[in-house]
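Scroll down for the structure; my scribbles are underneath it.
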Amino acid sequence: MPAKSRSSKKLVVENRKELSRAWKFGDDIDTDAIIPGRFLTINDPKELAKHAFEGVRPDFKPSEGDVVVAGENFGCGSSREHAPLALKGAGIKCVIAKSFARIFFRNSINIGLPMLECKDIDRIADGDILEVEEGLIRNMTKNETYHTTPLPEFLEEIVDSGGLIEYARALIAKEHKAKKNK
Amino acid sequence: MSNDLTLTEKIFSRAAGKPVRAGDFVMASIDRAMTHDITGPLAVEGFYEIMRDEKEKKVWDPDKIVILFDHQVPADSLNAAKNHILLRKFAKEQKIKHFYDLHEGVCHQVMPEKGHVLPGQLVVGSDSHTCAYGALGAFGTGIGSTDMAAVLALGKLWFRVPETIKFVVDGKLGDRVYSKDIILKLIGDVGADGARYKACEYAGDAVHKLDMSQRMTISNMAIEMGGKAGLIEPDKKTDAYVKERNPKYKPDKDLKSDKKAVYSEVREYDISDMPPQVACPHNVDNVVDIGKVEGKKIDQVFLGSCTNGRFEDLKIAAKVMDGRKIAKGIRMIVIPASHTEYMKTLKAGLVEEFMNAGAIVESPCCGPCMGGSFGLLGPGEVGLSTSNRNFKGRQGSPEALVYLCSPATAAASAVKGKITDPRSV
């Protein structure tokens with residue numbers, strides 16, 4: 001069931017000790033670059049993953065647990081949730097960027113693909129090996145450590161309930177209960 | 001801190017049921033929700049996940065939801081056909097009042113045109129150009145499919161109330177210079193992320209002089225600078241447009257930013273001497289005066305989209321073409337944005353004019369704009385488009401180049417076969 005792939009138990013990066021290869025991108029990476037329009041009739045993350053960055057970066061063949069590292073405004077453009085789904089399907093465990101475009105950021109939080117904001121990404125090169133854990137990025141290649149910006153508290157609440165699907169489900173159950181008790 | 005509020009803060013205060021300011025996180029009630037054939041299937045899937053444990057799997061309000069097909073119509077692949085089946089079934093089962101199958105047109109044209117958007121409303125759509133409804137003074141904003149799933153179930157969604165950037169645009173537009181040129185200028189100026197997470201508010205003489213069609217073009221492209229909305233304070237023209245579609249509509253004089261409202265930034269422009277603008281590959285903020293790209297040879301011209309596919313746009317283009325044929329060796333695709341706009345175009349004799357000129361006129365849909373359907377560009381080809389995005393690969397091959405411009409510039413260029421200043425033909 002796709003249900004499992006679209007919700008997150010917790011929006012912290014799992015497998016803390018896992019080493020990840022960094023796939024480095026520049027500023028203003030748009031969602032057309034992440035997944036071109038002609039693949040938007042596909043809804044399965046694994047199938048979408050086959051076309052991630054097709055056209056703009058044909059060598060993009062990440063292993064499970066790798067990370068995408070980018071500059072400002074990552075994910076700008078279309079509202080297609082297919083973009084974060086394609087990255088998730090490709091095994092990307094989180095995206096680290098200087099900043100994110102708004103709709104892409106929401107979509108990623110909602111489907112449980114962690115978005116880490118970090119101002120030091122210029123120090124990370126393509127192919128660097130990173131160890132990512134809550135609040136910290138260790139660059140094993142350069143022997144450096146960077147900090148990430150924590151999520152706003154309100155979003156933590158959604159994340160803690162397991163993503164937007166679970167959050168909404170709990171809210172509906174609560175509303176129904178309140179109606180019954182009236 | 002002053003008690004004065006921006007239009008955005010006022011809209012969110014009403015939708016959240018309590019006074020809120022920029023920076024606050026809120027659960028806000030949605031006045032209208034729109035989803036389409038590309039993002040709808042994932043939203044429906046998410047909706048049923050949310051309703052998993054509920055006996056009655058009903059949407060929050062079938063009268064407030066609009067579902068339509070515009071990106072891949074008529075179905076251009078088996079997958080598209082399957083997605084259409086899924087949404088038709090959903091619309092029927094859920095008794096969605098406003099369901100438009102493939103005949104009606106592009107979502108952002110149909111929504112205001114059918115009276116589904118009112119000033120002051122909070123409207124969400126699972127499409128990034130939902131900011132277009134700002135032209136009516138509504139806070140329209142794009143969301144993803146999981147967000148839409150939550151809206152279908154709850155009628156509510158979380159938001160961070162955005163700060164507002166105010167663009168004050170004064171002056172008089174020159175001959176054959178239009179609102180598309182204004183918005184390209186603004187985007188080029190602030191950059192692709194210049195309004196990220198923020199509401200854009202367009203003010204000034206030059207904006208309020210625009211008709212509703214041209215206002216929609218400006219609001220539509222707020223997202224291209226990262227904006228969450230692209231608002232224009234309602235005025236008499238707005239009220240007339242809305243009343244024509246909702247006779248009972250009563251204008252609310254308070255639907256405007258207060259005098260001392262706090263803006264994150266105010267930018268002022270005088271566009272009196274501004275030449276036509278063109279966005280060059282591969283970013284919408286890569287904007288130049290037309291003189292810099294004049295003479296660039298083109299292979300295809302696309303006149304249409306939610307940005308510039310209205311009757312008024314096509315009329316401007318036809319006037320510039322003035323009965324002349326398109327240049328040899330190029331092709332031109334014209335797509336009126338909706339059934340209504342198509343009929344106006346047809347009755348005015350413009351369909352015939354475009355066809356005689358050598359263009360093809362397609363039924364209302366998104367067409368080549370998102371590169372998922374027909375009209376794609378091949379490797380090495382150059383496209384000139386009145387749509388809203390020129391990202392690498394957006395309209396087909398990643399080795400194609402896409403330039404964005406106004407309908408007037410598109411028309412002049414079609415006639416000459418190269419990028420041409422519409423004032424020179």
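Considering only Cα-Cα distances, which of the following residue pairs are longer than 18 Å: A:LYS174/B:LYS97; B:LYS325/B:LYS418; B:LYS57/B:LYS92; B:LYS166/B:LYS260? Kindly include the intermediate steps, with their values, before the conclusion.
Values: A:LYS174/B:LYS97 27 Å; B:LYS325/B:LYS418 14 Å; B:LYS57/B:LYS92 13 Å; B:LYS166/B:LYS260 13 Å.
In this structure, A:LYS174/B:LYS97 lie more than 18 Å apart at Cα.
Fully extended, how many nm does the chain gain between B:LYS55 and B:LYS237 (0.36 nm per residue separation, minus their Cα-Cα distance)?
60.8 nm
Subtracting the Cα-Cα distance from 0.36 nm times the residue separation, let me have the gained length for B:LYS328 to B:LYS89 in nm, one decimal.
81.4 nm
Taking only DSSP H segments of four or more residues, each worth -39500 (n - 2.57), what value at 222 nm results for chain B once the sum is divided by all its residues, to the nearest 500 deg cm²/dmol?
The per-residue figure over chain B is -9000 deg cm²/dmol.
What list of ³J(HN,Hα) couplings, whole Hz, do you get for the range B:311-317 from phi and the Karplus terms 6.51, -1.76, 1.60, once you set θ to phi - 60° and write x for glycine and proline?
Taking θ as phi minus 60°, the curve returns 3, 4, 5, 5, 5, 4, 5 Hz for the range B:311-317.
When the dipole is taken about the Cα centre of chain A, and only Lys, Arg (+1) and Asp, Glu (-1) are charged at their Cβ, what size is it in debye, to the nearest 20?
940 debye
Starting with the highest mean, order A:50-63, B:221-234, B:204-217 by the number of other Cβ atoms within 10 Å, averaged over the residues of each peptide.
Ranked from most to least packed, the peptides come out as B:221-234, B:204-217, A:50-63.
In nm, to one decimal, how far is the modelled label at A:ASP120 from the one at B:ASP205, with both set 7 Å along Cα→Cβ?
5.3 nm
With charges set only on the Cβ (+1 for Lys and Arg, -1 for Asp and Glu), what does the dipole of the range B:164-270 come to about its Cα centre, in debye to the nearest 20?
It works out to roughly 400 debye.
Express as a percent, rounded to the nearest 5, the fraction of DSSP beta bridges in the range B:277-424 (both residues included) that run antiparallel. Don't jump to the answer; show the numbers that get you there.
Values: 5 of 20 bridges.
Close to 25 percent.
Could you check what % of the DSSP bridge pairs in the protein assembly as shown are antiparallel, to the nearest 5?
Roughly 30 percent of the beta bridges in the protein assembly as shown run antiparallel, per DSSP.
As a check on your grasp of the helix formula, calculate [θ] at 222 nm for chain A: sum -39500 (n - 2.57) over DSSP H runs of n ≥ 4, divide by the residue count, round to the nearest 500. Could you put the intermediate results ahead of the total?
Numbers: 7 runs with 57 residues, N = 182.
The helix contribution divided over chain A gives -8500 deg cm²/dmol.
Going Cα to Cα from A:LYS182, which aspartates and glutamates come in below 12 Å? Please leave out same-chain ones fewer than 8 positions away.
Excluding near neighbours in sequence, the set is empty.
With a 10 Å Cβ neighbour count serving as the proxy for reagent exposure, in which order, fewest first, do B:ASP70, B:ASP63 appear?
B:ASP63, B:ASP70
State the antiparallel share, in %, of DSSP beta bridges confined to chain B, rounding to the nearest 5.
That works out to approximately 20 percent antiparallel.
Using θ = phi - 60° and the Karplus curve 6.51 cos²θ - 1.76 cosθ + 1.60, what whole-Hz ³J(HN,Hα) does each residue of the range B:248-254 get, with Gly and Pro shown as x?
Once θ is set to phi - 60°, the couplings for the range B:248-254 become 8, 4, 10, x, 10, 5, 7 Hz.
How far is the Cα center of the range A:103-128 from the Cα center of the range A:21-94, in Å?
12 Å
State the Cα centre-to-centre distance between the range B:320-360 and the range B:184-262 in whole Å.
After rounding, the separation between the Cα centres reads 29 Å.
No lab work stands behind these numbers, since they all come straight from the coordinates. Source: prediction; values computed, not measured. For neighbour counting, all protein chains shown are included, and Cβ atoms are generated from backbone atoms with ideal geometry for every residue, glycine included.
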